[in-house]
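Input: a single structure, listed below in structure tokens.
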Amino acid sequence: MMTQDLPGQPHLAYRDQDLFSEDVNLHELARQHGTPLFVYSKAAMLAALDAYQRGFAGRKVQICYAMKANPALGVIQVFVQAGCGFDIVSGGEMQRVLAAGGRADKIIFSGVGKTRAEMKQALDVGIACFNVESEEELEVLSEVAVQMGLRAPVSIRVNPNVDPKTHPYISTGLKDSKFGVAHERVLRTYQRAAALPGISVKGIDCHIGSQITQEAPYLDAVERMLDLVQAIEAAGIPIAHIDFGGGLGINYKGDTPPPADQLWQKLLAILDARGFGERQLMIEPGRSLVGNAGVCLTEVLYLKPGEQKNFCIVDAAMNDLPRPAMYQAYHQIVPLQTRTQAPEIWEVVGPICESGDWIGHDRALAVKSGDLLAVLSAGAYCMSMASNYNSRGRAPEVLVDGSQSHLIRRREAIEDQIRNESLP
Ligand code: LLP
């Protein structure tokens, strides 16, 4: 048997003509469950997590998987079993963690717009920390906690004003962004927090953006965060933990983000040099734990060669894979079975009635209708942002573990879509 690895895709390899995820033949899986179909590799997720764990070896750290990247219960369970906590941004995400067997006291709650109901829910189950993003939110959280006879554990999310050099929609740590409390106001906000009856200051937090592929923004943010911790502690407010957020990028198109273990060794060296090596740390990685652990399998419905462009119409669309339409994102597309014929250049598009419904521009593929393709790096922010646009049911999800595969979400039926509707 001939095997051929796919660079940057640890769980994928061709064995003779067929693409496998771990020991599972993806062609057979697609025939069994239909397409479009998301397939995730458990080993790839654990390998990504392991890089973080190696980077933090011997340190006090809680890795909180930012589950917005992929909130499937079956995926959450993998991280629960590996000892992770969770970064959530809604009451719904909290319910998912609990439903998958996660512990409330390992949950941290981020987001600029937490509602009173969500605060109450989270205080009720006893989450580890609220990452608070504004002074008003702080006041409301204190009020809600006092009504419950509690004190809410809090970090203030700092906006360190560093440029993560990524897509503007996923930059979050610049001055003009809606996230976090501006650097200059942070000390004042901590003083306010310390004086509020329903607040217990626990830590400090930042998150500068997503799909970050350079280490400089991280190094800058760490220095700025430590400056703040020094100032806050000098004002008599102890900071028990420092949370550096998520954001580490993955390889979509030959991107070369620093490996997690190397990045953290560097950041820890800064912490050591400045005397913070013993501090409890937290991080909130999402994409880098699951992005390259997933693929979306899709069937070629029709080929439509044209004068200007050749269209390859597949059965996955922008409702399944919104990243190209939203961020002009690049996802590699490869065949599930290799062919010997010469490739041609195709616009790979979905069936949705919009020109924005494209999956890949100018892709060299040797395809015919009925062929199956894999859209790579689809483990993060694909299914979690999927919609029912054009009344398309959302795709099923399968978790691969060695030679086993488990259906962790069945295909959404039309009954699921119309369940909550009624005719007047
Ligand atoms: N922590 C906070 C507070 C966040 O807002 C995010 C992501 C993360 C952690 C995890 O970041 P990651 O490690 O995944 O980069 N839909 C976009 C990405 C949006 C990211 C939003 N926040 C995309 O498809 O590229």
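Let me confirm something: among 211, 265, 308, 328, which residue is over 30 Å from residue 359 (Cα atoms) and among the polar types (S, T, N, Q)? Lay out the reasoning, then the answer.
Values: 211 fails: over 30 Å from residue 359 (Cα atoms); 308 fails: over 30 Å from residue 359 (Cα atoms); 328 fails: over 30 Å from residue 359 (Cα atoms).
Checking each option against the conditions leaves just 265.
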Exercise for the section: Return the total of residues in the stretch 105-135 being assigned to a helix (DSSP H, G or I) and in contact (Cβ under 8 Å) with a residue 24 or more places away in the chain. Expected result: 12
Exercise for the section: Find all pairs meeting these conditions: Cβ atoms under 7 angstrom apart; at least six residues apart or on different chains; first residue within the stretch 374-389 and over 20 Å from residue 18 (Cβ atoms); second residue of a type in the set (Lys, Arg). Expected result: 380/287; 381/287; 381/323; 382/323; 384/68; 386/394; 388/394
Exercise for the section: Have a look at 49, 138, 98 and point out the one that is away from the ligand (no atom under 16 Å from the Cβ), open to solvent by less than 50 Å² (accessible area, probe 1.4 Å) and not in a loop (DSSP other than H, G, I, E, B). Expected result: 138
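Based on what the data block shows, is residue 309 assigned to a loop (DSSP other than H, G, I, E, B), of a type in the set (Lys, Arg), under 30 Å from residue 369 (Cα atoms) and within 16 Å of the ligand (Cβ to nearest atom)? Reasoning before the result, please.
On the way: assigned to a loop (DSSP other than H, G, I, E, B): yes; of a type in the set (Lys, Arg): yes; under 30 Å from residue 369 (Cα atoms): yes; within 16 Å of the ligand (Cβ to nearest atom): no.
Judged against the criteria, residue 309 is not a match.
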Handout entry: Odd one out for residue 115 among (1) under 23 Å from residue 49 (Cα atoms); (2) open to solvent by 20 Å² or more (accessible area, probe 1.4 Å); (3) of a type outside the set (Gly, Ala, Ser)
Key = (1)
Handout entry: Pair list, Cβ < 6 Å and 6+ apart or interchain, from the stretch 186-197 residues that are crowded, with 16+ Cβ neighbours inside 10 Å to residues that are in a helix (DSSP H, G or I) and of a type in the set (Ser, Thr, Tyr)
Key = 196/142
Fill in the blank from the handout: Only unsatisfied item for residue 193, checking (1) of a type in the set (A, V, I, L, M, F, W, C); (2) within 14 Å of the ligand (Cβ to nearest atom); (3) over 30 Å from residue 25 (Cα atoms); (4) touching a strand residue (DSSP E or B) at 6+ places or on another chain (Cβ under 7 Å), is (2)
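Does residue 410 qualify as being open to solvent by 40 Å² or more (accessible area, probe 1.4 Å), within 24 Å of residue 287 (Cβ to Cβ) and modelled with pLDDT of 95 or more? Can you show your working first?
On the way: open to solvent by 40 Å² or more (accessible area, probe 1.4 Å): yes; within 24 Å of residue 287 (Cβ to Cβ): no; modelled with pLDDT of 95 or more: yes.
Considered against the rule, which asks whether it is open to solvent by 40 Å² or more (accessible area, probe 1.4 Å), within 24 Å of residue 287 (Cβ to Cβ) and modelled with pLDDT of 95 or more, residue 410 comes out as no.
Filter the stretch 336-348 down to the residues that are open to solvent by 20 Å² or more (accessible area, probe 1.4 Å), in a strand (DSSP E or B) and among the aliphatic types (A, V, I, L, M) and list them by number. Lay out the reasoning, then the answer.
Let us first name the residues in the stretch 336-348 that are open to solvent by 20 Å² or more (accessible area, probe 1.4 Å), namely 337-345.
Retained after the next criterion (residues that are in a strand (DSSP E or B)): 337, 344-345.
Result: 345, single match.
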Problem - Yes/no for residue 277 being on the phi < 0 side of the Ramachandran plot, in the same structural domain as residue 226 (by TED's automatic domain parsing) and assigned to a loop (DSSP other than H, G, I, E, B) - result: yes
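Residue by residue, here is whether (1) in a helix (DSSP H, G or I); (2) buried (at least 18 other Cβ atoms within 10 Å of the Cβ); (3) touching a Lys or Arg at 6+ places or on another chain (Cβ under 7 Å) holds:
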residue: 54; (1), (2), (3): yes, no, no
residue: 58; (1), (2), (3): no, no, no
residue: 63; (1), (2), (3): no, yes, no
residue: 68; (1), (2), (3): yes, yes, no
residue: 71; (1), (2), (3): no, yes, yes
residue: 76; (1), (2), (3): yes, yes, yes
residue: 80; (1), (2), (3): yes, yes, no
residue: 87; (1), (2), (3): no, yes, no
residue: 92; (1), (2), (3): yes, no, no
Completion exercise
Sole miss for residue 23 among (1) more than 15 Å from the ligand (Cβ to nearest atom); (2) among the acidic types (Asp, Glu); (3) without any contact (Cβ under 8 Å) to a residue 40 or more places away in the chain; (4) over 16 Å from residue 376 (Cβ atoms) is condition (3)
Problem - Checking residue 146 against (1) over 29 Å from residue 220 (Cα atoms); (2) touching a helix residue (DSSP H, G or I) at 6+ places or on another chain (Cβ under 8 Å); (3) more than 14 Å from the ligand (Cβ to nearest atom), the condition it does not meet - result: (2)
Completion exercise
The correct count of residues that are out of contact with any Pro (no Cβ under 8 Å at 6 or more places or on another chain), more than 20 Å from residue 280 (Cα to Cα) and either open to solvent by less than 30 Å² (accessible area, probe 1.4 Å) or within 16 Å of the ligand (Cβ to nearest atom) (or both) in the stretch 215-240 is 0
Practice task
Search the stretch 296-335 for residues being open to solvent by less than 10 Å² (accessible area, probe 1.4 Å) and β-branched (Val, Ile, Thr), and hand back the single one that is farthest from residue 393 (Cα to Cα).
Solution key: 300
Practice task
Please verify whether the stretch 16-39 includes one or more residues that are at pLDDT 95 or above, closer than 25 Å to residue 101 by Cα, open to solvent by less than 10 Å² (accessible area, probe 1.4 Å) and under 24 Å from the mean Cα position of the chain (by Cα).
Solution key: yes
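The values are calculated or read from the model by the stated rules, or taken from the named source; none is laboratory data. Predicted model, so just to flag it, every value in this text is computed and none were measured. Counting neighbours? That spans all protein chains shown, and the Cβs are built from the backbone with ideal geometry, glycine included. Just the protein is used for accessible areas: all its heavy atoms, side chains included, with ligands, DNA and RNA removed. Shrake-Rupley method; radii C 1.70, N 1.55, O 1.52, S 1.80 Å.
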